[in-house]
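Asks: Just dropping this structure here.
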Amino acid sequence: MRIITSNSLKQGMALSKNVYSSNGLILLKKGTVLTQNYIENLRRRNIPVVYIEDDYSKDIECWDVVDSEIKAKAVFSIKEIFEKMEKGTRDANKGKGFSHVIPEEQYYAVKSVLDRLIENLNQNKGCLMNMIDVMSTDLYTYTHSVNVAILSIMTARSMQMNEKMVTEVGMGALLHDVGKIRVPQEILNKPEGLEDYEFEIMKEHSWLGYEIVKENYTLSAYTKNIVLKHHERLDGSGYPFGIEGDKMEPYVRIVALCDVFDAMVSDRCYREQLPVHEVLETVTSQLNIKFDSKVYQHFIKNVTVFPPGSVVQLNTGEVGIVLRPNPNFPSRPKLRLIKDPAGEIYPTFKELDMAEELTVFISGQGDL
């Protein structure tokens, strides 16, 4: 299987993975042969990429840390929970007596999502986090919460935190952006960069989130701290307090890193997603300034820089498909070379282990 953007789809291509709708149900099944109507529907629903099967990639497997169906249902569940919380906030503002605090049943709904994610992560141990999302970009806020939770859980485990703390980190990560339910939609979904005054309003979401969770006694102090401080930075440049150094707890540092990483690699309403390797370079340049290098060392062990099925261009001019990652060299995967430097299809595909060919490097996204 290989990854292809929805804009590059052609009639007759066959799906190699299910595609999910915004309510967590299967939209198109694995094996579906795409028609023009199907393709237009995928684009209309803002589904950025899909997996297809073809002769170039038919034996390439892409294993997920969380099964696609479980992740899709988790995203939809978080969407429903946040929307219920938002309605409660609106009704409270209208004087209907609703509390701004998370109701206990909604806490248990979030806990149920977290338990399913942890259970599935346990079943898929050894897999790496693939940042390719096959769900609608309209679901960004909720997909982001689930992604940050998965990344944070994996990083906390790699740091050998006990399972109780891993669960606390996961809960904090799922709820870290809950304050956004009280940020105006026109700011959240603005299709271009925010004005300074709008950014100041956006920054309030961490404090607003804390206001929502602080009086819920089923949530721990760890979770509440994550909601409040996930935008703090080691050098004091974050918010809402501008704390620095040792005042920023290790478990908060995990979510802070995972949050900014997923935000940068995701499609947003005002920009396209950035390649994982570029984001990692940006984060690396800020280690021990804004982000904790110890946390990063464990975080990077769990992320696929170039996921299997990715089509890449090499500095040699050749085009290949990623077969599998090199755990010790994340930016130098094993490839199947498809096109020669002149752009012609190789009569016989050959494999290239980039860990052994150090003069070869990936220059960008390839095209087949």
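Asks: Quick one: count up the residues across the stretch 281-310 that are touching a residue at least 24 places away in the same chain (Cβ under 8 Å), out of contact with any Leu (no Cβ under 7 Å at 6 or more places or on another chain) and either under 25 Å from Ser8 (Cβ atoms) or among the hydroxyl-bearing types (Ser, Thr, Tyr) (or both).
Replies: 4
Asks: Going through the stretch 1-30 one residue at a time, which ones are β-branched (Val, Ile, Thr), surrounded by 19 or more Cβ atoms within 10 Å (Cβ to Cβ) and more than 15 Å from Tyr56 (Cα to Cα)? Give the derivation first.
Replies: As a first pass, look at the stretch 1-30 and keep what is β-branched (Val, Ile, Thr): 3-5, 19, 26.
This time we only want the ones that are surrounded by 19 or more Cβ atoms within 10 Å (Cβ to Cβ), so: 3-4, 19.
Listed by number, the list holds a single entry, Val19.
Asks: Would you please name the residue that is surrounded by the fewest Cβ atoms within 10 Å (Cβ to Cβ), looking only at residues in the stretch 330-355 that are outside any strand (DSSP E or B) and among the acidic types (Asp, Glu)? Even if it seems obvious, please write down each step before you answer.
Replies: First, pick out the residues of the stretch 330-355 that are outside any strand (DSSP E or B): 330-333, 340-344, 354-355.
When the remaining residues are screened for being among the acidic types (Asp, Glu), the result is 340, 344.
Values: Asp340: 14, Glu344: 9.
Restricting to residues being outside any strand (DSSP E or B) and among the acidic types (Asp, Glu), the top hit is Glu344.
Asks: Can you tell me which residue within the stretch 20-38, out of those that are outside any loop (DSSP other than H, G, I, E, B) and in contact with a helix residue (DSSP H, G or I) (Cβ under 7 Å, 6 or more places away or on another chain), is modelled with the highest pLDDT?
Replies: My answer is Leu28.
Asks: If you don't mind, there's one more thing I want to ask. For the subset of the stretch 172-220 comprising residues that are part of a loop (DSSP other than H, G, I, E, B) and among the hydrophobic types (A, V, I, L, M, F, W, C), which member is farthest from Val75 (Cα to Cα)?
Replies: That would be Leu194.
Asks: Between residues in the stretch 216-227 that are assigned by TED's automatic domain parsing to the domain that holds Phe241 and of a type in the set (S, T, N, Q) and residues that are in a loop (DSSP other than H, G, I, E, B) and at pLDDT below 95, which pairs lie under 7 Å by C-beta distance while being six or more apart or on different chains?
Replies: Hits for this filter: Asn216/Val101; Asn216/Ile102.
Per-residue answers, yes or no, for (1) closer than 24 Å to Leu151 by Cα; (2) not hydrophobic (A, V, I, L, M, F, W, C):
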| position | (1), (2) |
| --- | --- |
| Leu28 | no, no |
| Asn37 | no, yes |
| Tyr56 | no, yes |
| Asp59 | no, yes |
| Asp67 | yes, yes |
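The values are calculated or read from the model by the stated rules, or taken from the named source; none is laboratory data. Just so it is clear, the structure is predicted and the values come from calculations on it, not from any experiment. Heads up, the Cβs are rebuilt from the backbone with ideal geometry, glycines too, and the neighbour counts pull from every protein chain shown.
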